[in-house]
Amino acid sequence: MTRGLPPARRRLPAVALAVLLLIAGVAVAAGALAPYPPRATAGAPVGAPSGAHWLGTNDLGQDLLSQLLVGTRFSLVLGAAAAGLSTLLSGTVGVLAAAWPRAQAPLVALTDSVLAIPQLPALVLLLALRGPGPDSLAVGLALISWPAYARVVRSQARGVLRRDYVEAARAAGASDTRILRTCVLPEVLPVLWTKFLLTLRWTILMEATLALMGLGDPSAITWGLMLQTAFGYPLLFATSAWAWWALPPALAIAVLTVALSAAGRDFEAWLNPASGPGTGPGYR
């Protein structure tokens with residue numbers, strides 16, 4: 001129960017959302033905040049942090065602060081696109097499987113089949129076939145991440161459809177569309193919001209993983225591509241360059257994923273103080 005939790009724990013989702021809003025604000029204003037064009041040579045190669053370059057420069061003399069700021073936008077846009085499409089698929093398949101008896105068997109079979117596919121090999125295969133573009137990556141991440149929460153949404157929607165007030169609404173002549181809109185959708189929206197946040201966290205981590213494997217999109221500056229470029233420098237750890245080159249994007253990924261984890265885990269409890277964190281339908 002959140003009522004038994006200390007005040008700091010109850011405020012955790014609000015703090016996490018504030019951090020997410022701050023990062024989103026940086027992403028929106030990245031073009032204005034970046035002191036240099038992120039692809040331009042702005043200083044000496046592998047320059048240490050200075051007044052002109054707060055985070056130093058990489059091996060091409062590009063300003064790392066500018067790349068970090070612009071990378072915030074690319075990483076969030078890519079993650080939000082993949083998470084949004086994945087959430088839409090989860091909600092659509094889950095609700096249809098619960099409300100449409102004829103579609104239940106094929107949709108459940110489809111969900112279980114996709115859930116059984118190994119995620120990383122499937123992504124590597126897709127990127128090998130279509131190329132490592134942002135569209136291919138976003139679609140690929142969405143296509144392999146929707147099944148688990150589709151099952152959660154289906155379970156939640158089935159429970160709602162069995163309630164007495166839904167039966168009463170049917171007896172009063174309410175259409176299936178109206179029941180889905182007024183009874184089912186409000187119940188599954190918190191689950192879908194949680195799914196969006198946690199999938200966004202996962203996509204940020206997967207993009208960085210794929211970039212480190214050399215499967216990132218070289219035309220898009222992301223935190224993952226910054227890490228891949230840094231680790232490709234043979235003298236990264238032979239000098240202190242790692243401290244201003246690899247550490248900032250790694251910390252940015254860590255802060256964002258922790259904030260998304262906190263917001264996704266406790267969001268439902270924040271909306272409904274009568275239930276404890278991690279006890280809602282999104283965690284069953």
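The values are calculated or read from the model by the stated rules, or taken from the named source; none is laboratory data. Remember, it's a predicted structure, so these values are computed and weren't measured experimentally. Because the Cβ atoms are built from the backbone with ideal geometry, glycine has one as well, and the counts that use them run over all protein chains shown.
Structure summary
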quantity: Pick from the stretch 115-129, criterion surrounded by 14 or more Cβ atoms within 10 Å (Cβ to Cβ) and of a type outside the set (G, A, S), ranking: nearest to D217 (Cα to Cα); calculated: L127
quantity: Residue within the stretch 158-168 that is assigned to a helix (DSSP H, G or I), among the aromatic types (F, W, Y) and over 22 Å from W100 (Cβ atoms) present; calculated: no
quantity: Per-region count, the stretch 129-144, residues more than 15 Å from L89 (Cβ to Cβ) and touching a residue at least 12 places away in the same chain (Cβ under 8 Å); calculated: 4
quantity: Enumeration of residues in the stretch 90-114 that are within 20 Å of A142 (Cα to Cα) and either surrounded by 15 or more Cβ atoms within 10 Å (Cβ to Cβ) or in contact with a Cys (Cβ under 9 Å, 6 or more places away or on another chain) (or both); calculated: S90, G91, V93, G94, V95, L96, A97, L107, V108, L110, T111, V114
quantity: Options T203, T229, T194, T177: the member that is among the hydroxyl-bearing types (S, T, Y), out of contact with any Ser or Thr (no Cβ under 7 Å at 6 or more places or on another chain), part of a helix (DSSP H, G or I) and closer than 20 Å to D63 by Cα; calculated: T229
quantity: Candidate set: the stretch 180-217, residues that are at pLDDT 90 or above and charged (D, E, K, R); chosen: the one surrounded by the most Cβ atoms within 10 Å (Cβ to Cβ); calculated: E207
quantity: Candidate set from the stretch 240-284 (those that are at pLDDT 90 or above and in a loop (DSSP other than H, G, I, E, B)); member that is surrounded by the fewest Cβ atoms within 10 Å (Cβ to Cβ); calculated: S240
quantity: Where D59 falls short, out of the listed (1) acidic (D, E); (2) modelled with pLDDT under 95; (3) crowded, with 19+ Cβ neighbours inside 10 Å; calculated: (3)
